[in-house]
Amino acid sequence: MLFHRINRTNPEKVYVIVKNSYSTADASAGQVYAWDYVTDKDGISVTKPSGVLRSVPAGVAIAAIASGDYGLLQVWGHNTNVKCKAGSGLLSSKISAGSLVYIKTSGFEMYSRQLIASSASITIEDFAGIAGVAGSPTNTAAKFTSATTWVGTVFIKCL
């Protein structure tokens, strides 16, 4: 793990060195990755989230990582360059400030995790795969319900 030098003016960040085992494409900055516990199972390889891998978020790429090469993922802290998507575009899938976010099987983006407010109890499964907390989108009306990918601010929590 690499810890960003601590000072009073910049937010703290934590990074890990990973191997991009996703053979189809290179990683780009802002993409969300999952630990590869299906194919490589070596504790250093990451890949595109799919199936059960969405429950093991690894972090967000901070720069391009070629397929099969090593690079850095941010696993903790403030990041203003995270790929986000509000799912269906309906208000029930919106990303707004304070929303818990997680990774889905359809891409490299963060999605809003809506907890049922009317539920008498919230189970631990409701928090499975939580990868962070969303900041406020820059253009709230257009972005928080957008069904297309956009870049947003997220406090990453993948440790």
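The values are calculated or read from the model by the stated rules, or taken from the named source; none is laboratory data. Keep in mind that what you see is a predicted model, and the values were worked out from it rather than measured. Cβ: placed from backbone, ideal geometry, glycine included. Neighbour counts: every protein chain shown.
So here's what we get for this one:
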item	result
Of residues in the stretch 26-75 being of a type in the set (D, E, K, R) and surrounded by 15 or more Cβ atoms within 10 Å (Cβ to Cβ), the one nearest to V133 (Cα to Cα)	R54
Meets criteria (outside the structural domain of Y22 (by TED's automatic domain parsing), touching a Lys or Arg at 6+ places or on another chain (Cβ under 7 Å) and either modelled with pLDDT of 80 or more or surrounded by 20 or more Cβ atoms within 10 Å (Cβ to Cβ) (or both)) for I130	no
Count - residues of the stretch 34-84 that are within 11 Å of I103 (Cβ to Cβ), among the aliphatic types (A, V, I, L, M) and not in a strand (DSSP E or B)	2
Evaluation of G30 against (1) of a type outside the set (V, I, T); (2) more than 18 Å from I103 (Cα to Cα); (3) not in a strand (DSSP E or B) (one fails), failing number	(2)
Residue in the stretch 16-34 that is aromatic (F, W, Y) and within 18 Å of K104 (Cα to Cα) present	yes
Criterion violated by S23 - all others in (1) assigned to a loop (DSSP other than H, G, I, E, B); (2) under 19 Å from G152 (Cα atoms) satisfied	(2)
Within the stretch 8-20, tally of residues that are in a loop (DSSP other than H, G, I, E, B) and in contact (Cβ under 8 Å) with a residue 24 or more places away in the chain	2
Test: residue in the stretch 81-101 that is charged (D, E, K, R) and surrounded by 22 or more Cβ atoms within 10 Å (Cβ to Cβ)	yes
Identity of the residue in the stretch 101-127, modelled with pLDDT under 80 and aromatic (F, W, Y), that ends up farthest from A86 (Cα to Cα)	F127
Verdict on A97 being at pLDDT 75 or above and either in contact with a Ser or Thr (Cβ under 9 Å, 6 or more places away or on another chain) or of a type in the set (A, V, I, L, M, F, W, C) (or both)	yes
Subset of the stretch 1-19 (residues that are crowded, with 17+ Cβ neighbours inside 10 Å and under 11 Å from L72 (Cβ atoms))	K13, V14, Y15, V16, V18
